[in-house]
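Below you'll find the structure, written out as C-alpha cells, and then a few comments.
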Amino acid sequence: MKTLNVAVVGSGPAGLYTAEALIKQGAALDPPCSVQVDVLDRLPTPYGLVRYGVAPDHKSIKSIADYLRGVLEHDGVRFLGAVHLGEDVTRDDLISCYDAVVYATGAMRDRRMGIPGEDLPGSFAATDFVNWYCGHPDVDPERFVVDAESVAVIGVGNVAVDVARILVRDPEELRETDVSQPVLDALIASKVREVHMIGRRGPAQAKFTTKELRELGELAGVDVVVGDGEADLDAFDATGDSSRLAAADRHVRGNYTVISNWAERAPTGAARRLTVRFWLSPAEINGTNRVEGLTLERTRLGSDGRLTGTGQFEQLPVQMVLRSVGYQSVPLPGVPFDERSHTVPNADGRVLGPDGQPLPGEYVAGWLKRGPTGVIGTNKSDAAQTVRSLLADLAGGPGPDDVQLPRPGLLRLPQSQEAAGAAVGGAAGEPEAAGVIGTAAAVRGPAGCERFTALLAERGITPIGYEDWLKIETAEKDLAAALGRGSRVKLASRAEIHLACGLRKP
C-alpha cells in the first residue's frame, strides 16, 4: 500500500479536519492509500480557536474539541506542538521532509480601523482581549486591568458579541468555566458598568447569529437597550434593502426580531447596561495619554447603495475601545501570500506560485485559504476539498472527471489495531456517521516522518507531543479541583504549561 507523509501546519479546526480527511479519503481510494500525518503547531497545545477563540461560557461550541481529540488519537496522526514555522523550521525543511505540506494557520490578526487615536493606551484589538480571557500562551494574564466604567466594542459580529457578553456578564457565572484564575480575578474586579456595541451599518446587515444575539438579552442583571430610532430599518437606508432583507432572509428576520424587541423594552435600572448602536462609524478615539472618549459619525445608505457619512457627529465618553472589524491572516515565511486578500493564492487548495501555477506538494486550508468566513464547521468541507486535490495529485485520487469520493463526513477513519472496537463519539452537532475511531490508550507512538524527527533532534528542538498534552489536561483538571471550580481551569501561562509537561522551556 502506498504511504504518504504529510505535514499539516496548524492544529485548529482547519488543520485537524484536514488530518481527518487525509486519513479517511486515503483509505477510501481504490487501491487504498495509507497516510501518516504530522500536525505541527507553534503553540504547545492543540485545537487553535476552539481552545483560544471560543468564549469560556460557550461550552457547547468548545465541545468540538472532544470530536477533534479523536483525530489526534488516531495512529496515523502525530501532534508536534511548540514547533514554530519560520523560527524552528523553514518551509524548505518541510518540503524536503514530507510528500506534501498543508498550511492551515488561520487568521491571527485584527484589521485596523485607520482612525486617529487608534494606538492610545486603552485601545485594543478584540483578538487581544479574546486571547486574554481564553488564556492564550502568548498573552500575559496580567495584560488587562478592566478599570474602565464604559467600553466601546466596535463591530456587530459574533466576536463582538462574545466580548460584550464577557464584559457585562456577572463574573461569578464564569467560576464553573475553564477561564484561568488570574483572568477570573480581573473580571471580578472589573469596573465596567456599560458596554456600547457599535455597527457602521444597520440591524439587517449585522453579522451575528440569532442564537448568540438572543443570549445577550438573557443575561442576569443586565439591561439591553438599542440606540434611539436605530432599530428602524428604513430610517437610514434609502435603498429599502434593509426591509426587504428582513422580509426575505430568515437569518436577518431572526436577528431583527430580537433587536426590535429590545428597542421596545424599558430599562429596569440593572447594575450593568449593554447599549446596541447602529449606523455609526468611528471617526476618532479621543484622549491625551489614554482613551477618554470616542467620536462617532452617523452613517446612511444612499439610493445608490453606498454607505456614507452624514456629517453628524456625537461624542461617547468611554475609557476603553475594542475593535472587532474583521480578522486577517498573516504571511508564513517563504509561502506565497496575497496582501490584498490576506490569503495564500490557491486553486482548490493547491498553493499557486507567482506564475499562477500550482507549487508541487504545497496546499492550504481554512481561513488562510478562503479568508475569515463561515463557522467552525465550514472548515470541514473546506479541508475535504483541499485533500481531494492533494490525493488527486499524489495518490491517484479522483480527478475532475472521475466519480468523487463519498461525502467526507460520511466516511469513517480507518480503525487502528490498538483501537479495535473502540469508537470515539462525535461532538455536539456532528453527525454520528462521522464518528471518529481512535485509541483509548493515553500513549500512542506513530512513527510519523522519521526524517523530520531526526531534523528536530539535530537542532535540539523537543516538540510537545500528544502525551504531553494529556499531562496538561490532567494538570488543568487538578487545578480545577484544588480551586473548587468546575471540571478544568486553564493554566495561566506558557511556563505553567511547560512545567506540566515536565519541561523547563520558557
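Worth a mention:
- Matching label, Rg and Dmax of the Cα atoms in Å computed from the structure shown, candidates (i) 24.0, 70; (ii) 23.6, 89; (iii) 23.6, 75: (i)
- Angle in degrees between helix 250-264 and the longest Cα principal axis of the chain, rounded to the nearest 10: 30
- Counted residue by residue at 0.36 nm each, then reduced by the alpha carbon distance between them, the extension gain from Glu173 to Arg193 reaches 5.5 nm.
- The sum of -39500 (n - 2.57) across all DSSP H runs of n ≥ 4, divided by the residue count of the chain, sets its helix-only mean residue ellipticity at 222 nm to -8500 deg cm²/dmol.
- Mean-position separation - Cα centroids, region 453-506 and region 9-75, in angstrom: 19
- Relative to one another, the C-alpha centroids of region 152-168 and region 349-389 are positioned 29 Å apart.
- Charge tally around Ala100: other residues with Cβ under 9 Å, Lys/Arg +1 each, Asp/Glu -1 each, net -3.
- Acute angle (nearest 10 degrees) that the helix 158-168 long axis makes with the longest principal axis of the chain, alpha-carbon atoms: 60
- Contour excess over end-to-end distance, with Cα ends at Leu470 and Arg244 and 0.36 nm allotted per residue: 76.2 nm
- Simple spin-label estimate for Val225 and Phe337 in nanometres, 7 Å along Cα-Cβ: 4.4
- For region 179-237 versus region 276-330, the gap between their alpha-carbon centres in whole angstrom: 16
- Share of carbon and sulfur in the accessible heavy-atom surface of the chain [1.4 Å probe, %]: 50
- Links that overshoot a 23 Å alpha carbon limit, given the list Lys2/Lys369; Lys211/Lys477; Lys24/Lys471; Lys62/Lys490; Lys207/Lys380; Lys62/Lys207: Lys2/Lys369; Lys211/Lys477; Lys24/Lys471
- FRET efficiency estimate (nearest 0.05) - Cβ-Cβ, Glu149 to Leu483, R0 30 angstrom: 0.55
The values are calculated or read from the model by the stated rules, or taken from the named source; none is laboratory data. Computed from a predicted model, the values in this text were never measured in an experiment. No Cβ is skipped: glycine too gets one built from the backbone with ideal geometry, and neighbour counts run over all protein chains shown. These accessible areas exclude ligands, DNA and RNA; they are computed on the full protein's heavy atoms, side chains included. Shrake-Rupley method; radii C 1.70, N 1.55, O 1.52, S 1.80 Å.
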